[in-house]
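Below you'll find the structure, written out as structure tokens, and then a few comments.
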Amino acid sequence: MSTERNPLSDEVLRRVGRNLVIFQQIEGFLKALMGNFMVAGLPSNLAETHQKQKVCISKKTLGKLVEKYTTEVLSDLGETAPEPVVPADWFAPSLSISGTKVEIERLRIDLKMMTDERNDLVHHFLPRWQANNEELLAETLAYLEAQRSKVLPLHKHLVTCLDNARREFELLAERLQSDLAQSSILQNKPLIVFFSEVADKYPRHDGWAYLSQAGSLAVRLMPEETKRMLQDYGCKTFKQLLAESGIFDVVDEPLAGTNFRTIYRRKSELSLVD
């Protein structure tokens, strides 16, 4: 093979490098999306779970990344996905790209096309490279330019998805921090302590306590606190207060007809109604 250089051959090499960078960026975007924004687990070991997810995703080939993205992220607006059964305190943010059936199918086709184009460039480009064959070099330039044009829309799609995911998770993190701070403040408030004591002292056989009973006791034994509940806690009802404290499970238990009663217990207990 000749190693002589000329402007045409230099341009071919430049475009090869440019396209390879685009393909590597696409692969990096897929790894970032699925390595960082598809992490589920208990809050107590979420950091460890996140690290394992990143390591697992980093080892996947482009083909496997595309397969995972098309089957687990892309979703047809007309399809109903089953709700997973998970523990009550399970942290499971979702990463989902929804669209019409035509839009999602178009994305799947583009992802498959991108994978094929990348493999063709990486594994089968050499026959297109003859530094002294200007006619072939001109064809190769056209091939590389067409390849870039075909994959750029997908590149743009993934950039947008990654930017949106980052913004959503930043907002989620802010809300979580705000909720945690609010819960921490509420947990030491007299009314919260009172409801905890009632739940421990007057539980049913299954560990749940009646909110109506606890609320009546609060009104009778802590009248000033209950009168100032909205002012001091920012809550209009006892149910809202317990839910926002972060330390209780609060459930509406159905009764005959359309009636129900609210029961609660500390989160240290089992989180399902027996």
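The values are calculated or read from the model by the stated rules, or taken from the named source; none is laboratory data. None of the values given here were measured: they were computed from a predicted structure. Backbone-built Cβ (ideal geometry, glycine too); neighbour counts: all protein chains shown.
Are any residues in region 131-159 free of Cβ contacts under 8 Å to residues at least 12 places away in the same chain and not charged (D, E, K, R), and if so, which ones?
Listed by number, the residues that qualify are Asn133, Leu136, Ala142, Ala146, Ser149.
At pLDDT 95 or above, out of contact with any Pro (no Cβ under 9 Å at 6 or more places or on another chain) and surrounded by 12 or more Cβ atoms within 10 Å (Cβ to Cβ): is that true of Leu162 in this structure?
No; evaluated as a whole, the condition is false for this residue.
Would you mind telling me which numbered condition in (1) crowded, with 16+ Cβ neighbours inside 10 Å; (2) of a type in the set (S, T, N, Q); (3) more than 24 Å from Gln24 (Cβ to Cβ) Asn133 fails?
Failing condition for Asn133: (1).
Which residue pairs have Cβ atoms under 8 Å apart, sit 6 or more places apart or on different chains, and have a first residue in region 5-27 that is under 26 Å from Thr115 (Cβ atoms) and a second that is surrounded by 12 or more Cβ atoms within 10 Å (Cβ to Cβ) and of a type in the set (Phe, Trp, Tyr)?
Short answer, once both residue conditions are applied: Val12/Trp129; Val16/Phe125.
Only residues in region 189-215 that are surrounded by 13 or more Cβ atoms within 10 Å (Cβ to Cβ) count as the first member; pair them with residues that are assigned to a helix (DSSP H, G or I) and among the acidic types (Asp, Glu), Cβ under 9 angstrom, at least 6 apart or cross-chain, and list the lot.
Listed pairs, sorted by first residue: Lys189/Glu225; Lys189/Asp232; Leu191/Glu225; Leu191/Asp232; Phe194/Glu225; Ala209/Asp200.
For (1) surrounded by fewer than 18 Cβ atoms within 10 Å (Cβ to Cβ); (2) under 25 Å from the mean Cα position of the chain (by Cα), each residue gets a yes or a no:
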residue: Met114; (1), (2): no, yes
residue: Glu139; (1), (2): yes, no
residue: Leu144; (1), (2): no, no
residue: Pro153; (1), (2): yes, yes
